[in-house]
Every structure is written in C-alpha cells, then in structure tokens.
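The values are calculated or read from the model by the stated rules, or taken from the named source; none is laboratory data. This structure is a prediction, so every number in the text was calculated from the model and none was measured. Note that we place each Cβ from the backbone using ideal geometry, even for glycine, and neighbour counts take in every protein chain shown.
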Amino acid sequence: MNALVALTGQCMPHLMLAPIALPLATGALLLLIREERERLKLLISIASTLAGLLLAILLLLWTHQGATASLTVYLPGNWPAPFGIALVLDRLSALMLATCAVVALASIVFAAARWHRAGVLYHSLFQFQLTGLAGAFLTADLFNLFVFFEILLAASYGLLLHGSGRARVQSGLHYIALNLAASSLFLIGAAVLYGITGTLNMADLARIVPQVAAGDRGLLHAGSAVLAAAFLIKAAVWPLNFWLVPAYGAAVAPVGALFSVLTKVGVYALLRLWTLWFGDAAGASAHWGGPWLIGTGLATMALAALGMLGTQRLTHLAGYAAVLSSGTLLAVMGFGQAGVTAGLLYYLPSSTLAVAVLFLLADLIERWQSEGSSRADGGRDDVPFLTPELLPTEGWNLDDDEHILVGRVIQGAAAFLGLGFVLTALILSGLPPLSGFVGKFAMLSALLARETWSGTAGATWLTLALMLGTGLATLVSLTRAGARNFWAAHTRAAPRLRILEGLPIAALLAACAAWTVYAEPVLRYTTAAAQALHAPAPYIGAVMQTPPRPAPGAPAHLPGAHP
C-alpha cells in the first residue's frame, strides 16, 4: 500500500488529469469501432472503468496521507489562477470520484449481461458521462464546471433514451427541457457573479465575497440564488423534482444506477460553493441561504416519503429514494456545521450505492414478475409438493391442525434477490446496524450536540422528526413492495439471474457493508474533509498561490519561469 501511495506521489499532480482524460479517450476510441464488434467495445469499456476505479482509490489514499497531500492543485494550461483553469484534488473530490467509480463499474458490468445491446453508442456515451462527472468533481473554475455539467448532461440525454420506447422518449423530452432550463440559469447566475466580482475562479470568488460593497451585496445574493436554482434542479429538490422519478424510472437499469450519482453532483456543487463562499469568513454574507437549504431539504424529504408510500412500482421507489437522499443531505447541509457535514459525507456514498442497488434489483424483480406466474412444475396440481424422499414420516413436526411444517425450498436466485432487497431496504431506511443507520446517527448526534445559532433550534427538532419519520415511511413502502414481489410469488418460476447481473449487486452491498465495518476510519476521513470545507483558507491559498511550472530549459528571467 505504501508503495502504491509513493508511486502516486511521483505521478502527482499530473495524475489528477487521468480521471478526466481516461474516459474521454476511451469514449473517443469506442466511436471508431464498428457497432458489430460489441464484445470488443464491452471489454474496452469495462477495462477503462476498472482502471478509473483504481485511479480513484489511489487518489483517495493520496489525500489521506496528511495535511500536505490532502490538497493538490493542477494547472492544465500552466496559467496561474485566476487567469487559467485549475483542478483541485482534496478529500471531498476524491471521495466523490471513488463513489462515482464504484457505481460506474457496477453499472457497466450489469449492462454487459444484456442492456448494452439495446441501442447504439452506449459505451461511448457511458464514458463521456464519466468524463463530465470527474471534471465536475475536480474543477475549481465556475465556467469549467458549467462545461463539465454540459458534457455529462449531453451524455445523459442519449443514455436516458437508450433502449427506445415511448416512455423513455416522453420522459426524456421533459428531462432535456428541464436541464436546458437549468443550464440557462447556470449561465445567468455565473454572468451576474462575474459582473460583480470580475472572476469565475471559485477560490478567487471566495476571497472577494467579503469585500463586496454593501450596495452590490443584494445583487451578489441574487446571482448566487439563480446559480443555486440550477444546482437545486439537478439535485431534484422540491418543487423542482417532478421530472426525476418518471425519467429515472424509464431509463434502463444500469443507466438508472449511474444516474443515482447525478443528483449528488448538484448536492456536491452546493456543498462546495456554499461552504467556500458563504462560510464564517464571508462577512455580511456568512451563512447566507442556510435557512433556505434547510427548508427546501425538509420539504423534499417529506414529499419524497409520501411519494414512496404512494407507489408500488420498484423503479419509482428507487427514484423517490434518490430524491429523499438529496433532501436529507441538503437539509443538514444548511446548518453549516463541520460535525454535521462529516455525517453528511459519510451518508452520501452509502445512500448513493443503496439507490443504485435498488435500480438494479428493480430490473431483475420486474423481469421475474413479467415472466408470468407459471409454477416451476408447469402448473400441474397433481405433482407432489415434496419429492418421495422428502415425504413425511413419523417424528415430523405438526402444527395445531396436524399439518406438516414443511415448506417449499427457496430457489437460490430468488433468495439472492430477496436478501439483496432486504439489505437495501435496511440501508435506505436507516435501520441498524448498516451504513444508513451510522450515517443518520452521525448527522443527528452532531445536530443535537452542536452549538446552535439563532433561529435553528426548531429546525433541528423538525429535521430529527422528519429523518425518523421518512425512515419509517421508507421501511413501510419497501416492506410492502417486498411482500408483494416475494411473499406472494410462491407459484412463480425461479428467476433467471446471470452472474454478470448478480455480481455488481453483491459488490455494491459488500461496499456498503465495508462502509459499516470501517465506520470509524471513514468518519475520521469525512471529519477531516468537513473541517477543511468549513475552514477554506488553505483551499483558497493553494489555488491562488500555486505557480505555473517553468518550461523545460527556460531561462529564469522569462515569464513563467520560476527558480
């Protein structure tokens, strides 16, 4: 492990560009390969995604080595900030990269069983999606963030329509229209902020916000609100979330699983910019917008829970679970406390993985249901319930009516789906001892123990009540769906489950289990990440003070040369 970290250090900071360049190059390469060679395209796509996961893990380990390595700045154009584009790797961006890479690998392996053949250019679009996601997590420039948003959105339009069908086209049109509106708001907000501050570099903006004149501060807040509206649309916050459930539910299963990360991009952008621009050091703008984040987050939680109680369709349950997760994250984000944010960062990857699992399970369970209710024995009533060697003899247990207490053997595939569904329900409901409970407990304990600032005591107790209430609503709705799809399915033939479909589900659940087992070191990591977010001076200094690298052989007196 130390050798890998040392090798990573030798490749830094250039290695930071790899999570963006690798899927971009892979997607371009796949465009050059004929569609008939689907097996080759699949192998290249899986290999590239696996390499991306390994890179994300290396970068995650690198940021955990100490204060000096926890924040690395890379200047792709070799221009100093704020004139050039800057990429920043810190604990938060590394955590988001790793979460995205895990979901992406599970998604592409699941798609290898059947879904990647349902349309053209699937693998190229998939890789371009990963390019946009990685760039959004690493960039330190507001306009560059817009560019990466558009890359991932353009790819998501094609992925949502993959497999065709009226439902996908109809929901896809709504999805495209809403995201184009969000992009327009993004540009308007960025333009207003640029007009006031004269910069789009995130760190430079954070440096200027406390110095904005009192007469311009209202316009600063208005531009920030317009920009935040774009992120809130992408985070599926009420009342801007009506598009998500039909769109994600209509997408094919591996795309829905990957889309579970998209809502977290909006959450990530809000968390990054709000703590950077409106933290304790923002002067008159300190904690501006916090009550709005709390209010919209709580409303989103309540409406998502009602949506889960009002539907029995598994894909819609997964969509509402994604909305509920976003609402929970935004509500606790608005309190602006490092301890609460640490629990938030623990909960974010866990809920993302669980929602991705639910999308994959929904596809398998609904396919099993659609295959008909024919019994494995062909529907004949004269076939013995038990084989001759299992017929009862003396000594068998009987119930009060003297009926034999022997049941039908559960098929292995059905048992796997049932166990996976139960574990996913426990994580999403926040029941012990799995990672969903640990994350919610960390957030709630930090909320109740924190030093309250005026006007938030009522919001704290309302958040506590809603977090417990939405967990109960999630448990009730998923239990009802489980009973409908498993307990009432005893006459149904065994489900057809391929290894490529079961393996990613098992891997994602294993990742959630590992998140629980190693909760203490993970919480130490997220606590350090949260403290860095709420004390952004090192981030601002690193971005603004990183000098360009001198050209090879350049004399010391030339511009850009540094001794």
Please name all residue pairs, on different chains or six or more residues apart, with Cβ atoms under 8 Å, provided the first residue is in the stretch 252-268 and is in contact (Cβ under 8 Å) with a residue 12 or more places away in the chain and under 16 Å from Ser171 (Cβ atoms) and the second residue is part of a loop (DSSP other than H, G, I, E, B) and hydrophobic (A, V, I, L, M, F, W, C).
Val252/Ala118; Phe259/Ala251; Thr263/Ala235; Thr263/Ala236
Count of residues meeting criterion [within 17 Å of Met301 (Cβ to Cβ) and not in a helix (DSSP H, G or I)] in the stretch 235-259
8
Could you list, in sequence order, the residues of the stretch 1-51 that are exposed (fewer than 12 other Cβ atoms within 10 Å of the Cβ) and among the polar types (S, T, N, Q)?
Asn2, Gln10
Looking only at the stretch 59-80, and only at residues there that are in a helix (DSSP H, G or I) and within 24 Å of Arg549 (Cα to Cα), the one that is nearest to the chain's Cα centre (by Cα):
Leu59
May I ask you to verify whether Thr131 is farther than 24 Å from Gly289 by Cα and of a type in the set (S, T, N, Q)?
yes
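Quick grid of which residues meet (1) surrounded by fewer than 24 Cβ atoms within 10 Å (Cβ to Cβ); (2) in contact with a Pro (Cβ under 9 Å, 6 or more places away or on another chain); (3) farther than 30 Å from His123 by Cα:
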position	(1), (2), (3)
Gly215	yes, no, yes
Ala222	yes, no, yes
Phe242	yes, no, no
Pro254	no, yes, no
Val261	no, no, no
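From the list Ala457, Ala376, Ala449, Ala362, pick out the single residue that is surrounded by 14 or more Cβ atoms within 10 Å (Cβ to Cβ) and either modelled with pLDDT of 80 or more or not charged (D, E, K, R) (or both).
Every option except Ala362 fails the conditions.
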Taking Met202 as meeting all but one of (1) surrounded by fewer than 24 Cβ atoms within 10 Å (Cβ to Cβ); (2) touching a Lys or Arg at 6+ places or on another chain (Cβ under 9 Å), write down the number of the exception.
(1)
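Take the residues in the stretch 19-65 that are acidic (Asp, Glu) and in contact (Cβ under 8 Å) with a residue 60 or more places away in the chain, then tell me which one is nearest to Thr527 (Cα to Cα). Before the answer, list the steps.
Quick first cut of the stretch 19-65, residues acidic (Asp, Glu) only: 35-36, 38.
Subset that is in contact (Cβ under 8 Å) with a residue 60 or more places away in the chain: 35, 38.
Details: Glu35: 47, Glu38: 44 Å.
Step by step, filter the stretch 19-65, then rank; the result is Glu38.
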Quick check on the stretch 81-89. Is at least one of its residues part of a helix (DSSP H, G or I) and within 19 Å of the chain's Cα centre (by Cα)?
no
From the options Ala140, Ala177, residue that is more than 21 Å from the chain's Cα centre (by Cα) and of a type outside the set (S, T, N, Q)
Ala177
Please indicate, with yes or no, whether at least one residue in the stretch 279-289 is closer than 27 Å to Cys100 by Cα, in a helix (DSSP H, G or I) and not basic (Lys, Arg).
no
Can you pull out the helices (runs of 4 or more DSSP H) entirely within the stretch 115-234 that have at least 1 residues that are among the aromatic types (Phe, Trp, Tyr)?
122-138, 142-161, 166-197, 214-234
Within the stretch 423-447, which residues are of a type in the set (Ser, Thr, Tyr) and under 19 Å from the mean Cα position of the chain (by Cα)?
Thr424, Ser429, Ser435
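Regarding Leu97, is this residue in contact with a strand residue (DSSP E or B) (Cβ under 9 Å, 6 or more places away or on another chain) and either within 24 Å of Val355 (Cβ to Cβ) or touching a residue at least 60 places away in the same chain (Cβ under 8 Å) (or both)?
Yes: the conditions hold for Leu97.
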